[in-house]
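S.K.: Pasting in a structure now, in structure tokens, and then I'll have a few things to ask.
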Amino acid sequence: MGIIKRHISAKSGGSAVTIIAEGNRFYGDTVISGKMHIDGTFEGSLHSTDDISIGRNGLVAGQIFAKTIYVNGRLEGEIICDNLHIEKGGTVNGRLCCAKLQIDNDGSFIGERTLPDALLAADVSERSKPKEQHSTYTSSELMIDNAMQLIDSLPDRITLTKQE
């Protein structure tokens, strides 16, 4: 008896969850639709149209683009998302562009954060061009391209000190 039913479609329908289990390593550029959970290691570029969660044993290093990211493990690199939630024990180290940032007790963020206002302004200026000058980018591709330009223009290091 097989575990795959013949009458059930293999297509996700938007509700699939991609899982990288503990002990597994993935490298490269990946685009997914649906949610993703990572308890293993992922290095490279990860583009998601939905949420990504990084489990306690998970490590993601590279560029990550998603709607919402939940971090209980480690996230390092360039991050572009609508919402970032660093949970207890989670660590984020890198450049971040997000509208909402939530850090729980015992969560850690080391790096730079920018708000997406600069991205929205760039998107509005693109839309205000005459039609024949519009690029063939979709709005999400334009946002990613503008975010990458914004990230590249940031300083290499920012040090925060406590004022007395």
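The values are calculated or read from the model by the stated rules, or taken from the named source; none is laboratory data. This is a predicted model, so every value here is computed, not measured. As a convention, Cβ positions derive from the backbone with ideal geometry for all residues, glycine included, and neighbour counts pool all protein chains shown. The area values use the complete protein model at the heavy-atom level, side chains included, leaving out ligands, DNA and RNA. Shrake-Rupley method; radii C 1.70, N 1.55, O 1.52, S 1.80 Å.
S.K.: Please list ASP29, ASP50, ASP117 in order of solvent-accessible area, largest first, computed with a 1.4 Å probe with all protein chains present.
M.R.: The ordering from most to least exposed comes out as ASP29, ASP117, ASP50.
S.K.: Lys and Arg at +1, Asp and Glu at -1: add these up for the other residues within a Cβ distance under 14 Å of LYS100 and post the number.
M.R.: -2
S.K.: Once the piece of chain linking GLU43 and SER108 is laid out straight, how much longer is it, given 0.36 nm per residue of separation minus the C-alpha distance between them?
M.R.: 21.4 nm
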